[in-house]
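Peer 1: The structure that follows is given in the form of structure tokens.
The values are calculated or read from the model by the stated rules, or taken from the named source; none is laboratory data. As the structure is a prediction and not an experimental result, all values here were calculated from the model. Because the Cβ atoms are built from the backbone with ideal geometry, glycine has one as well, and the counts that use them run over all protein chains shown.
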Amino acid sequence: MTMQATSHTKPAPGRLRGISRALAMATLLLAACGGVVPEQPLVEAPPLPASEVTPPAPPAPPVTRLAGLYKGKLDSKPSEFLALVVPDLGKNVHVYGWYYNANDLHLAHLYKGELELGIEGNATNVAQSWRVIEGANSYPANASASASSLQQLSAKLSISRSSVSNYTLTAEALPQAGYDVSATPMNLSNSSWNGHWSSKNDTAVGRLQFGATGAPDVSGTNWQCFSGNAPLTWKWTPQSLNYFKVTLSLGSITLCPEWQRQSLEGVATVSTQNGVYQLDMMLLDGKGAGISYRGTR
């Protein structure tokens, strides 16, 4: 008997499409009737070309660290510049400066402004935040910092008087023994400080005392604004970087009309310099005038 060979003919494309549709319909019907749907094989996506692979993002450079009490000079002038840098919201810091450069060595020029911290020791000017008070005059200013850190402060200052004057501040942070950035503020209770008050073009010898509760007393000050029973309201609020926020309200002080019924806000800081404790304070009225004090004990 002769066996006839069986030929395997490849299905036509149209027939394949029909089979696929039939299988899909069968799968849907099987699922609708509660049957078990055969597990479909996983299909892996082809790898992306090397040119389309996104590399991991590099780590962000650290923001400049700038905080504490810095002591230095403007340009080559011999006068002292003391700068207190404290944090503000976001990446901004407040800067407060006392500059003793007048015929009266106890008359402080006051600087106040903000910087926005950048990277690699840089900090940029915050527009319209800077003011410089020189005696009875007040001027707008700009400032920026470079090559600065917790150890040093290098800044460019531009003051707009009748013309623009530019200065370079170079200052070093006080050593930890003199000012500890991370320390809590000193307890001022039962302390007495001897020094000088500075207001516009005037200075006065004065003693600033703190009672057992920490309330300040200026009765030992030889200044007409504080003479007699002048109505004063003080508030000293300790902060986290060894400094204080200070507010002062002056009542009806007829002997000192330029400060009558004025409210001032500012800061004070305590450091160790030349073997003694030193207290530096500035109070500003927000209109271009200020009062400052430096005392030791």
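Peer 1: Hey, Asn125 hits all of (1) farther than 18 Å from Leu82 by Cα; (2) over 19 Å from the mean Cα position of the chain (by Cα); (3) crowded, with 19+ Cβ neighbours inside 10 Å but one; which does it fall short on?
Peer 2: The single condition Asn125 does not satisfy is (2).
Peer 1: Applying the selection to segment 218-257, what residues are at pLDDT below 90, within 30 Å of Gly178 (Cα to Cα) and of a type in the set (Val, Ile, Thr)?
Peer 2: The one that is at pLDDT below 90, within 30 Å of Gly178 (Cα to Cα) and of a type in the set (Val, Ile, Thr): Thr221.
Peer 1: Hey, another quick one. In this structure, is Ser160 among the hydroxyl-bearing types (Ser, Thr, Tyr), under 25 Å from Ser182 (Cα atoms) and out of contact with any Leu (no Cβ under 7 Å at 6 or more places or on another chain)?
Peer 2: no
Peer 1: If you don't mind, there's one more thing I want to ask. Examine segment 157-167 for a residue that is more than 16 Å from the chain's Cα centre (by Cα), within 30 Å of Ser227 (Cβ to Cβ) and surrounded by 13 or more Cβ atoms within 10 Å (Cβ to Cβ), and state whether such a residue exists.
Peer 2: Within segment 157-167, the first condition is being more than 16 Å from the chain's Cα centre (by Cα), and the residues that meet it are 157-167.
From what is left, the residues that are within 30 Å of Ser227 (Cβ to Cβ) are none.
Looking for residues that are more than 16 Å from the chain's Cα centre (by Cα), within 30 Å of Ser227 (Cβ to Cβ) and surrounded by 13 or more Cβ atoms within 10 Å (Cβ to Cβ), one finds none in segment 157-167, hence no.
Peer 1: Quick one: would you say Leu89 is within 17 Å of the chain's Cα centre (by Cα), assigned to a loop (DSSP other than H, G, I, E, B), over 23 Å from Asn166 (Cα atoms) and not charged (D, E, K, R)?
Peer 2: yes
Peer 1: Does at least one position in segment 196-209 carry a residue that is assigned to a loop (DSSP other than H, G, I, E, B), farther than 19 Å from Gly68 by Cα and not assigned by TED's automatic domain parsing to the domain that holds Ala141? Talk me through it step by step, then tell me what you get.
Peer 2: Pass one, segment 196-209, residues assigned to a loop (DSSP other than H, G, I, E, B): 200-201.
Now narrow it down to the ones that are farther than 19 Å from Gly68 by Cα: 200-201.
Filter once more, keeping what is not assigned by TED's automatic domain parsing to the domain that holds Ala141: 200-201.
Yes, the conditions are met somewhere in segment 196-209.
Peer 1: Give the residue that is farthest from Asp104 (Cα to Cα), with candidates limited to residues of segment 176-208 that are among the hydrophobic types (A, V, I, L, M, F, W, C) and crowded, with 19+ Cβ neighbours inside 10 Å.
Peer 2: Just the residues of segment 176-208 that are among the hydrophobic types (A, V, I, L, M, F, W, C), to begin with: 177, 181, 183, 186, 188, 193, 197, 204-205, 208.
This time we only want the ones that are crowded, with 19+ Cβ neighbours inside 10 Å, so: 188, 193, 197, 208.
Values: Leu188: 28, Trp193: 20, Trp197: 12, Leu208: 20 Å.
Only one residue fits best here, namely Leu188.
Peer 1: I've got another one for you. Could you grab me the full set of residues in segment 146-165 that are farther than 13 Å from Tyr111 by Cβ, assigned to a strand (DSSP E or B) and aliphatic (A, V, I, L, M)?
Peer 2: Val164
Peer 1: Got at least one residue in segment 258-267 being under 20 Å from Lys112 (Cβ atoms), at pLDDT below 90 and not hydroxyl-bearing (Ser, Thr, Tyr)?
Peer 2: Yes, some residue in segment 258-267 is under 20 Å from Lys112 (Cβ atoms), at pLDDT below 90 and not hydroxyl-bearing (Ser, Thr, Tyr).
Peer 1: Return the only residue of Leu110, Leu82, Leu115 being at pLDDT 95 or above, closer than 16 Å to Glu172 by Cβ and not acidic (Asp, Glu).
Peer 2: Just one listed residue meets the conditions, Leu82.
Peer 1: Is it true that some residue in segment 125-148 is closer than 17 Å to Leu241 by Cβ and in contact with an Asp or Glu (Cβ under 7 Å, 6 or more places away or on another chain)?
Peer 2: No; the residues of segment 125-148 include none that is closer than 17 Å to Leu241 by Cβ and in contact with an Asp or Glu (Cβ under 7 Å, 6 or more places away or on another chain).
Peer 1: Of the numbered conditions (1) under 28 Å from the mean Cα position of the chain (by Cα); (2) farther than 18 Å from Tyr100 by Cα; (3) without any contact (Cβ under 8 Å) to a residue 24 or more places away in the chain, Gly211 fails exactly one; give the number of that condition.
Peer 2: Tallying (1) under 28 Å from the mean Cα position of the chain (by Cα); (2) farther than 18 Å from Tyr100 by Cα; (3) without any contact (Cβ under 8 Å) to a residue 24 or more places away in the chain, Gly211 fails exactly one: (1).
Peer 1: Additional query: State whether one or more residues within segment 221-244 are basic (Lys, Arg) and assigned to a strand (DSSP E or B).
Peer 2: yes
Peer 1: For segment 150-183, enumerate the residues that are out of contact with any Pro (no Cβ under 7 Å at 6 or more places or on another chain), more than 16 Å from Leu84 (Cβ to Cβ) and of a type in the set (Ser, Thr, Tyr).
Peer 2: The answer is Ser154, Ser158, Ser162, Ser163, Ser165, Tyr167, Thr168, Thr170.
Peer 1: Another one. Restricting the first residue to segment 257-276 and requiring it to be free of Cβ contacts under 8 Å to residues at least 24 places away in the same chain, which pairs with a second residue that is assigned to a loop (DSSP other than H, G, I, E, B) and not β-branched (Val, Ile, Thr) meet a Cβ separation below 6 Å and a spacing of at least six or different chains?
Peer 2: Once the first residue is free of Cβ contacts under 8 Å to residues at least 24 places away in the same chain and sits in segment 257-276, its partners that are assigned to a loop (DSSP other than H, G, I, E, B) and not β-branched (Val, Ile, Thr) give Gln262/Asp285.
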